[in-house]
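Structure first, then comments.
The values are calculated or read from the model by the stated rules, or taken from the named source; none is laboratory data. From a predicted model like this one, the values you see are computed outputs, not experimental measurements. Positions of Cβ are generated from backbone atoms using ideal geometry, with glycine treated the same way; all protein chains shown enter the neighbour counts.
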Ligand code: PLP
């Protein structure tokens, strides 16, 4: 048999600290390895598999669409793309239009382009981002991500990004610098330690932005698509952003990115584009995801499962208070702040030995991003395994 690990090491660029556990299929929040081990998945492929693995409706939708037409190009009308845009706008309640791309960084790239176009007339182009933010790995979105470790290589970066230590500092910078056109942030920082921004400062930021014609640009790539318990974390925070970026969970595993904006007439034909963006495959998958999750939310099940998850987080933090310092995040985007990085690394390793997948985040945080459709048994089973992992530390 081929030695897949060796082939991977020989032929794939070394950009990931890859674990060579070989998963071959999944069902719901469970993943199975080629040698028959069953894992509970508290990662959903870093927030992507919103319906879990092998969801029947999503599989049927994708198969059906594949049998009709995978792709046609944005030169033509794409039924599922138009319907998805309408669906996102109606579900969000925001009066916006949508541009579709293929990934999170592309959604943010489009957000940055909208801001720069918007600022052109008033000669404003600068965008403020927040310390510990993560907005992607293209040259522009790396520049937007306010973390020194992301700027070690690849210079020169495009100018026009200013970094703020927190929201009040962002407001201060914007007051002084008349070239600022937007403030871009994650309401719940994903890579930066699952840090949920304080609600009152977000409301005052919104007020400042509206009063000063500064664009409020919300990166919901990780927090969006019901991960916060609502379609968007922006709804949890009760704000009206000018620009919203989405990706990850939107099509449940099919690559898609979306940028929504209230600046509905900002683009003219030729200003922006994407070959694959919003093609029939990804947008029909996304329509299915929204269908399933909207019903799930309206049935009350999502809130119930989040409450179950929450109770487990509270009791495990209490039981292991020498290791776990705090609980963070909202809904199904949660963090456990661990006493130090070394212990965090050990927990992730031990969890894998106990057949549980969890993630690391910044600030010594254990990150939990289960599938949105995770059920009671899977949650209980996952926390049992997490408890065993913690006992073995
Ligand atoms: N923005 C946020 C908040 C993210 O969490 C990520 C990915 O982790 C990105 C942007 C970049 O998304 P992608 O990896 O799809 O380009």
>> Based on this model, can you work out whether residue 77 counts as closer than 30 Å to residue 312 by Cα and in a loop (DSSP other than H, G, I, E, B)?
In response: no
> Taking the stretch 129-182, which residues are touching a residue at least 40 places away in the same chain (Cβ under 8 Å), away from the ligand (no atom under 16 Å from the Cβ) and either under 22 Å from residue 258 (Cβ atoms) or not in a loop (DSSP other than H, G, I, E, B) (or both)?
Replying inline: 170, 173, 174, 180, 181
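Please determine whether any residue of the stretch 199-212 is within 30 Å of residue 307 (Cα to Cα), more than 11 Å from the ligand (Cβ to nearest atom) and without any contact (Cβ under 8 Å) to a residue 24 or more places away in the chain. Spell out how you get there, then give the answer.
So in the stretch 199-212, the residues within 30 Å of residue 307 (Cα to Cα) come out as 199-206.
Filter once more, keeping what is more than 11 Å from the ligand (Cβ to nearest atom): 199-206.
Filter again for without any contact (Cβ under 8 Å) to a residue 24 or more places away in the chain, leaving 200.
Yes: one or more hits.
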> Has the stretch 261-278 got any residue that is assigned to a strand (DSSP E or B) and either in contact with a helix residue (DSSP H, G or I) (Cβ under 8 Å, 6 or more places away or on another chain) or at pLDDT below 95 (or both)?
Replying inline: yes
> Taking the stretch 91-107 as the search range and keeping residues that are within 9 Å of the ligand (Cβ to nearest atom) and farther than 12 Å from residue 261 by Cα, which one is surrounded by the most Cβ atoms within 10 Å (Cβ to Cβ)?
Replying inline: 104
> Looking at 329, 362, which one is in contact with a strand residue (DSSP E or B) (Cβ under 7 Å, 6 or more places away or on another chain) and either buried (at least 19 other Cβ atoms within 10 Å of the Cβ) or touching a residue at least 40 places away in the same chain (Cβ under 8 Å) (or both)?
Replying inline: 329
> What is the one condition in (1) more than 21 Å from the chain's Cα centre (by Cα); (2) surrounded by 18 or more Cβ atoms within 10 Å (Cβ to Cβ); (3) at positive phi that residue 80 does not satisfy?
Replying inline: (3)
